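I have placed the structure first, in the form of structure tokens, so that the comments after it can refer back to it.
The values are calculated or read from the model by the stated rules, or taken from the named source; none is laboratory data. What you are looking at is a predicted structure, and each value in this text was computed from that prediction instead of being measured. Neighbour counts are summed over all protein chains in view; Cβ atoms, including those assigned to glycine, are modelled from backbone coordinates with ideal geometry. Just so you know, the surface numbers come from the protein's heavy atoms only, side chains and all, with ligands and any DNA or RNA stripped out. Shrake-Rupley method; radii C 1.70, N 1.55, O 1.52, S 1.80 Å.
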Amino acid sequence: FAAGSQYTTGNSGIIKTSIDAGETWETLYPKTGTVPGFKKIKFVSNTRGFVVGQGSTFLKTTDGGSSWTNINVQNDIWYYSNLTFFDANIGFLTAVLNSGNAIAYRTADSGDTWTAISSVANLQTQAVTYATATTMYSTGNSQMISKSTDGGNTWAVVKPGAGTNLYFNLAFKDANNGVVSGEDGEVLKTTDGGTTWTQVLSTGYENLYGLFYSGNHIYASGTDQNIYYSSNNGGV
């Protein structure tokens, strides 16, 4: 499954699906008309999935995307910024309100119910990811990175902001080993749970939005349609 929008999240959205490992794609939603742009899509099984985007767009499917129903967690949403799941049950959601303030919710029952996080101090809303069921990382403006060890209830800054550049994405393979990507084609890696970070890639001009880390393999992709690959944990 893939979801996005034309040009920016303020434009019309689309969900596509492939059943041949990405060789061909067909439009899953909407079949007709237009809908707001999508930001994130996550499936926790072959049939159960979620997609979030502009405004109050938070949809759920239980039949593999044949039909979608709206989820309402709060009325004054400007846009949903992140949706991530650790497993089929545990998930985390962030959004930006019309006021510009951030909010966050989490679920422990596969998205049937969502509980608001009482404090979002130090939570970064550009990207959020799980390292374990309770250890999470977030990043965003000024290349700041924050960490939670209680499932997203509280957050502490592990890498202070530096300059005006953004980090766009995070990926962790366990509690200690992870990577972050951002502007100027940068990828940084940590092996100590975010205490220190080492640059392992810098192309000087790209925005690296896509990031995947599994085993010894790291993939990063971005605005020039390039895909970068490391088979040795980002070693240079």
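Please tell me if residue 179 is assigned to a strand (DSSP E or B), open to solvent by 40 Å² or more (accessible area, probe 1.4 Å) and hydrophobic (A, V, I, L, M, F, W, C).
Here the answer is no, as residue 179 does not meet what is asked.
Given the condition under 20 Å from the mean Cα position of the chain (by Cα) and within 21 Å of residue 87 (Cα to Cα), answer yes or no: does some residue in segment 29-37 qualify?
Among the residues of segment 29-37, not one is under 20 Å from the mean Cα position of the chain (by Cα) and within 21 Å of residue 87 (Cα to Cα), which makes the answer no.
Say we look at segment 6-17 and pick out the residues that are in contact with a Phe, Trp or Tyr (Cβ under 9 Å, 6 or more places away or on another chain) and open to solvent by 30 Å² or more (accessible area, probe 1.4 Å); which of these is modelled with the lowest pLDDT?
Filtering segment 6-17 for residues that are in contact with a Phe, Trp or Tyr (Cβ under 9 Å, 6 or more places away or on another chain) and open to solvent by 30 Å² or more (accessible area, probe 1.4 Å), the one modelled with the lowest pLDDT comes out as 9.
For residue 147, indicate whether it is among the charged types (D, E, K, R), within 26 Å of residue 223 (Cα to Cα) and open to solvent by 30 Å² or more (accessible area, probe 1.4 Å).
It is false that residue 147 is among the charged types (D, E, K, R), within 26 Å of residue 223 (Cα to Cα) and open to solvent by 30 Å² or more (accessible area, probe 1.4 Å).
I need the full set of residues from segment 77-134 which are among the hydroxyl-bearing types (Ser, Thr, Tyr), part of a loop (DSSP other than H, G, I, E, B) and surrounded by fewer than 19 Cβ atoms within 10 Å (Cβ to Cβ), in order please.
99, 110, 113, 118, 119, 132, 134
Does segment 162-176 hold any residues that are of a type in the set (Gly, Ala, Ser) and open to solvent by 40 Å² or more (accessible area, probe 1.4 Å), and which are they?
162, 163
Does segment 194-218 hold any residues that are outside any strand (DSSP E or B) and surrounded by 12 or more Cβ atoms within 10 Å (Cβ to Cβ), and which are they?
Once the filter is applied, which keeps residues that are outside any strand (DSSP E or B) and surrounded by 12 or more Cβ atoms within 10 Å (Cβ to Cβ), segment 194-218 yields 194, 196, 197, 203, 206, 207, 216.
So how many residues does segment 182-193 have that are part of a strand (DSSP E or B) and open to solvent by less than 20 Å² (accessible area, probe 1.4 Å)?
4
For segment 29-63, give me each residue that is open to solvent by less than 60 Å² (accessible area, probe 1.4 Å), part of a loop (DSSP other than H, G, I, E, B) and in contact with a strand residue (DSSP E or B) (Cβ under 8 Å, 6 or more places away or on another chain).
Those that are open to solvent by less than 60 Å² (accessible area, probe 1.4 Å), part of a loop (DSSP other than H, G, I, E, B) and in contact with a strand residue (DSSP E or B) (Cβ under 8 Å, 6 or more places away or on another chain): 30, 35, 37, 44, 48, 55, 57.
Going by what's in this entry, would residue 3 be described as closer than 21 Å to residue 211 by Cα, buried (at least 17 other Cβ atoms within 10 Å of the Cβ) and of a type outside the set (D, E, K, R)?
Yes.
Please count how many residues of segment 112-131 are over 14 Å from the mean Cα position of the chain (by Cα), within 22 Å of residue 171 (Cβ to Cβ) and touching a residue at least 40 places away in the same chain (Cβ under 8 Å).
Of the residues in that region, 0 qualify.
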